[in-house]
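Notes follow the structure.
Please treat every number below as a calculation from the coordinates, not as lab data. Computed from a predicted structure; not experimentally measured. Cβ coordinates were reconstructed from backbone atoms using ideal geometry, including for glycine residues, and neighbour counts include every protein chain displayed.
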Amino acid sequence: MLPSNVIIMGGGPAGSVAALTLLRLGHKVTLYEKEIFPRYRVGESFLPGTMSIFNRLGLQTLIDDAQFVKKPSATFLWGQNQPPWTFSFSTPKSATEWIFDHAIQVKRDVFDHLLLKEVIARGGNVHEGVMVTKVDLSDPEKVTLEVRQDSSLSMVSGDYLIDASGANSILARQLKIRRYDEFYRNLAVWSYFSCPDPFRGDLRGTTFSITFEDGWVWMIPLEGDVYSVGVIVDISKVEEVKKFGPDEFYKLTLAKCFRAKEILGNAKQIDQVRVVRDWSYDTSTFSSGRFFLCGDSACFTDPLFSQGVHLASQSAVCAASAIDYLSQYPSENSKIHEWYKSTYSETYEQYHEFLASFYTYASFTEPDSEFWNKRRIVESEDDRFNRRQWFDQLSDKAAQGHEWAISDFKDRASTMIALGRHSRNELSDAFSDAELTPMRVGWIGKLLKQLSSISEFSWNGREVILQDYYKVNPISFKLEPKKVLSDGQKRMTKYAATSKVRDIFSDLSIEKFDYKTLINRLNSAGCSEHALQMVIRLFEAGLLSGKNSTGEKVHIQDRLRFDGVGIEYEV
């Protein structure tokens, strides 16, 4: 295989991770970054899954030496008069060294520069202070860019292009593929405070998300006793920003969130106020021909769960692996682009659904306000979700007579909140991650009891087929062809399946399996490590259902998925 010459637009996490992955896979990389690093960026809070990618790319020593703030969890004061709850990153002990029980909080100018310098150190050809002004995709064999450095224009070509240039992507504008989200129409206003982390126990280093009348506040502890503090409000507040000015608007709005002010105390603001508007969007095309969009060039959604850098890094690995595969098997071009769209959009959909459920939950606890009323889902027909697959599934359930469809959607958030709820009504340094264990164990026990009550499973489709799919090898980063279960329309992509597995589910049409029998047969077919998870995922995909001994349908509540935490990473 001849190495491809890949051009990357953008030197942030998406561009640098794509470059590092391609270099590892033996390809040539030329990266163009319009700014000179280090440069400022917001988005300082990461996820454990992002740490896993960095670790496997050989960056662990660099990250450890930088001594970034360790992030053990995300803590929420979510809903008026609700006790705190913590989304803990703790995981069962694993023999796999790249499964992380923590993330980090970083100053992005420092962290992004660290990544970009490593791209250079490993042989990447990096050009800073160079702006891409035009992209030519007309040649099916290459991509050509017009680039400007100072006042000089030149043309450069490569075999493939990865656009990781961010929200202002020239390619997304040129192709007119950007689609803004009608649900998450937010305004972010933020600054920084000199404030030592007030916690010394298991809450030290945690990110806070705190609701108030007009929206919510993020609080992220950074190195040097600095807190990043931002308010998320409805886009309609832009008129107030113009009226009062960013500084006064920020001061007045933050003052409304008394729980955030309690944490800050008398902390002094130490930086300017910044504003971003209309920032939730996706694109109608994630990749095609010789180009791939990664990170914020492709999509971005509400930052409540700090998923931005993870989605950027995950998409970067996938794009690099896809290009590597196409370099060897160009005839599979259409399949690879379909896979990239599928894996990218599925992860984006998970985040979108996750956030919508949490917003809906909080909207029933906060006072009536424009922000919370707009973010409440109360019916299965809502024009704001015309492009959302998860909402279509919710609507389908309602159309089939499931009265619980909407309330169940809200309850998914309340279930997760219950699993992380503190035993005290106020934030306390006495909080311990161990106090969440009984609730987790109880929830798992309830789930297993429900599954164990199933005496007869049904495959919800006319046939059981093995559909072509791909997976990124977690160690080599090579893209590998796989098969996944499908009924010809819906599919469950998380776990690869074999003909033996397919035959088990095909037999459901002629045999009555109880839960124990199904698990035993999956174990015998080589699925012992994830038989239970496979069954749950098939329920969530709508491919599997079950009845108990009295013929009643067993309801397994759909879980809110959130890639980048736990022990199952997509990449």
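Excluding same-chain neighbours fewer than eight residues apart, the aspartates and glutamates reachable from Lys478 by a Cα-Cα span under 12 Å are Asp324. A straight line joining the Cα centroids of segment 155-198 and segment 453-502 runs 33 Å. Starting from the Cα of Lys500, draw a straight line to each of the lysines and keep only those under 17 Å, dropping any in the same chain fewer than 8 residues away. Once the sequence-local lysines are set aside, what remains near Lys500 is Lys482, Lys483. Rounded to the nearest whole Hz, the Karplus-based 3J(HN,Hα) values (6.51 cos²θ - 1.76 cosθ + 1.60, θ = phi - 60°) of segment 133-143 follow the sequence 9, 7, 10, 10, 10, 6, 8, x, 9, 7, 10, with x at glycine and proline. How many angstrom separate the Cα center of segment 1-41 from the Cα center of segment 331-374? The two parts, judged by their Cα centres, are 28 Å apart. Can you give the net charge of the other residues whose Cβ lies under 15 Å from the Cβ of Thr285, counting K and R as +1 and D and E as -1? Result for the local shell: +4. Of all DSSP beta bridges confined to the chain, the antiparallel ones make up roughly 80%.
Find out how many positive minus negative residues lie around Gly201, taking Lys and Arg as positive, Asp and Glu as negative, among other residues whose Cβ is under 12 Å from that of Gly201. Write out the running numbers ahead of the final one.
Numbers: positive: Arg200, Arg204; negative: Asp197, Asp202, Asp429, Asp433, Glu435.
Result for the local shell: -3.
What per residue convex hull volume, in Å³, comes out for segment 296-346 when only alpha-carbon positions are used? The partial results should precede the final answer.
Working: hull volume 3.3 nm³, N = 51.
Considering the Cα atoms of segment 296-346, their hull volume per residue is 65 Å³.
Starting with the highest mean, order 201-214, 378-391 by the number of other Cβ atoms within 10 Å, averaged over the residues of each peptide. Mind showing how you got there, number by number?
Working: 201-214: 21.4, 378-391: 14.6.
My ranking of the peptides, most packed first, is 201-214, 378-391.
Two-decimal Rg/Rh of segment 186-277 from alpha-carbon positions, Kirkwood Rh? Walk me through the numbers before you get to the answer.
Values: Rg = 12.9 Å, Rh = 13.3 Å.
Taking Rg over the Kirkwood Rh, I get 0.97.
Each Lys or Arg adds one and each Asp or Glu subtracts one; over the other residues with Cβ under 12 Å from the Cβ of Tyr325, this totals 0.
Three principal axis extents of segment 488-552 based on alpha-carbon atoms, in descending order, are 33, 27, 20 Å. Karplus-based coupling profile of segment 299-307, in residue order and whole Hz: 6, 7, 10, 2, x, 3, 10, 6, 8, with θ = phi - 60° in 6.51 cos²θ - 1.76 cosθ + 1.60 and x standing for Gly or Pro. When the helices of the chain are scored as -39500 (n - 2.57) per DSSP H run of n ≥ 4 and the total is divided over every residue, the value at 222 nm lands at -10500 deg cm²/dmol.
Could you work out the per residue convex hull volume over the alpha carbons of segment 49-168, in cubic angstrom?
Working: hull volume 25.0 nm³, N = 120.
Value for segment 49-168: 208 Å³ per residue.
Annotation: peptides 267-275, 311-319, ranked by per-residue average of other Cβ atoms within 10 Å with the highest first, follow the order 311-319, 267-275. The length gained by stretching the chain between Ser423 and Glu568 to full extension, at 0.36 nm per residue less their Cα-Cα distance, is 49.4 nm.
Applying the Karplus relation 6.51 cos²θ - 1.76 cosθ + 1.60 with θ = phi - 60° to segment 487-502 yields 3J(HN,Hα) values of 10, x, 10, 8, 8, 10, 9, 5, 10, 5, 10, 10, 4, 5, 5, 4 Hz, where x marks Gly and Pro. With the biggest extent put first, the Cα atoms of segment 344-456 measure 47, 45, 31 Å across the principal axes. Taking amide H as placed 1.01 Å from N in the peptide plane, the amide H of Val554 sits under 5 Å from that of Gly546, Lys547, Asn548, each at least 5 places away or on another chain. Here the label points at Glu435 and Glu511, each 7 Å from Cα along the C-beta direction, are separated by 4.9 nm in the simple model.
Provide the three semi-axes, in whole Å and in decreasing order, of the ellipsoid equivalent to the chain as defined by the square roots of 5 times the Cα gyration tensor eigenvalues. Walk me through the numbers before you get to the answer.
Working: eigenvalues 258, 218, 101 Å².
In descending order, the three semi-axes are 36, 33, 22 Å.
Cross-link reach is defined here as a Cα-Cα straight distance under 17 Å, omitting same-chain residues fewer than 8 places apart; for Lys243 the lysines meeting it are Lys251. Residues whose amide H comes within less than 5 Å of that of Gly166, counting only those at least five positions distant or on another chain, are Asp296, Ser297 (H built at 1.01 Å from N in the peptide plane). Need the C-alpha centroid separation for segment 227-288 versus segment 77-136, integer Å. First find each Cα centre; the distance between them is then 22 Å. A cut-off of 5 Å between modelled amide H atoms, ignoring neighbours fewer than 5 places along the same chain, links Lys71 with Ala103, Ile104, Gln105.
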